[in-house]
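Values quoted throughout were computed directly from the atomic coordinates according to the rules given, and no laboratory measurement underlies them. What you are looking at is a predicted structure, and each value in this text was computed from that prediction instead of being measured. Neighbour counts are summed over all protein chains in view; Cβ atoms, including those assigned to glycine, are modelled from backbone coordinates with ideal geometry.
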Amino acid sequence: MNTLNGASELDDALVSQIKTVLHSLPGWSSAQISLRVLSGGITNRNFVANIDGSEFVIRIPGERTEVLGINREHEANASQRAADLAIAPEIAGELTGFNTLITKFVSGKHLSGSEFTDRLPEVVDLIKRFHNGGEIDGSFPIHRIVEAHVRDAQVNGVDAPKLWNSLHAVSLRIESAFAKSSDQLVACHNDLLPTNVLFDVDRTWLLDFEYAGMNNAYFDLGNLSVNTELDEDGDETILTCYFGKVTSQRWAKLQLMKIMSELREGLWAVVQQAISTLDTDFVAYADSRLSNCKRLSDASGFEGLLVDAAS
């Protein structure tokens, strides 16, 4: 899920449809059900359903989300794995007809800035537990994902951004550098935005496994860093918490995957320009992310990062 905008009003027809589906599920045929909007989504519309006093999160997928690379069966597999590992909310069932999950509502809030970095070790611990939890269905080969986003945008009538050719060359060089080492693919979240991390007083949750799949662990680490705008100290914290210490190779791989994260996020927004019916400025969002991607790849230390990553 992204956080550019969100539904703010209840749609009576949709509410009626959701209630009908919920009443059809075992144990809820005569339940008292009320809904309220859960803000923060853009690819989907999200609600909290109060069902006989217990609260659950209901998500209604946006149009053509499969073009964004979302596979609902793979998402369900990853979500169940995360729930089993106690790093994500418990799954209560499937919303029949919508092909999405019903999950237990958990309390907490989203953090930013120093409040987020103060609890960064908790977030890294959850990511590492997911990575170490075994294989999941689906894959997220980041260098192929960005290429697929450009093709899908073009098929749906949106031209590749002007920066694509130069940034694609960057992606291929990063892929080549990583190929010289022996990283194993792990179960990755692949969408570690601040709104996909929920903090309660005494615990932390990861949310939204729509894009989860087997990938290089450094993509999650770089994705977390760039999405939460961490500084060098934050990056050192990530690597220290995850690996025990910082090395030049680990540092380089983290920085290079920050570039790939921005490239993917920007191109995701280009695809959204082609398929989304939401009133959101995806053009500006794509431009911002791709410009930052170029800034990172044009930095004077980029060549050294490639060398260190490949060492």
Stokes-Einstein translational diffusion, the range 183-242 - Kirkwood Rh over all Cα pairs, 1.567 mPa s, 4 °C, in µm²/s: 106
Sorted peptide list for 170-180, 213-223, criterion being average Cβ within 10 angstrom, highest first: 213-223, 170-180
Average projected area [Cα convex hull, the chain], square nanometres: 15.8
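Mean Kyte-Doolittle of at least -0.5 and a Cα length of 27 Å or more along the axis: which whole DSSP H helices of the chain meet both?
On the way: long enough: 248-275 (41 Å, 0.01).
The answer, listed by residue number, is 248-275.
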C-alpha center-to-center spacing [the range 170-210, the range 123-152] in angstrom: 6
Stokes-Einstein translational diffusion, the range 154-311 - Kirkwood Rh over all Cα pairs, 0.692 mPa s, 37 °C, in µm²/s: 198
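Please report the net charge: other residues with Cβ closer than 12 Å to the Cβ of residue 196, K and R +1, D and E -1.
Residues close to residue 196 contribute a combined charge of -4.
Checking the table 128/162; 162/258; 104/128 against a 25 Å threshold on Cα-Cα, which pairs fail? Intermediate values should be presented prior to the final figure.
Working: 128/162 36 Å; 162/258 20 Å; 104/128 23 Å.
Going by Cα-Cα distance, 128/162 fall outside the 25 Å limit.
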Centre separation in Å (Cα based) which lies between the range 284-311 and the range 35-110: 33
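Please work out the Kirkwood hydrodynamic radius for the range 12-104, using every pair of different C-alpha atoms, and report it in angstroms with one decimal place. Working shown, then result.
Details: mean 1/r = 0.0721 Å⁻¹.
For the range 12-104, the Kirkwood estimate is 13.9 Å.
Nearest 0.05, what FRET efficiency do residue 24 and residue 283 give at R0 = 41 Å with Cβ-Cβ as r? Walk me through the numbers before you get to the answer.
Working: r = 41 Å, r/R0 = 0.99.
The pair residue 24/residue 283 has a calculated efficiency of 0.50.
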Cβ crowding within 10 Å averaged over residues, with 151-157, 80-86 ranked highest first: 80-86, 151-157
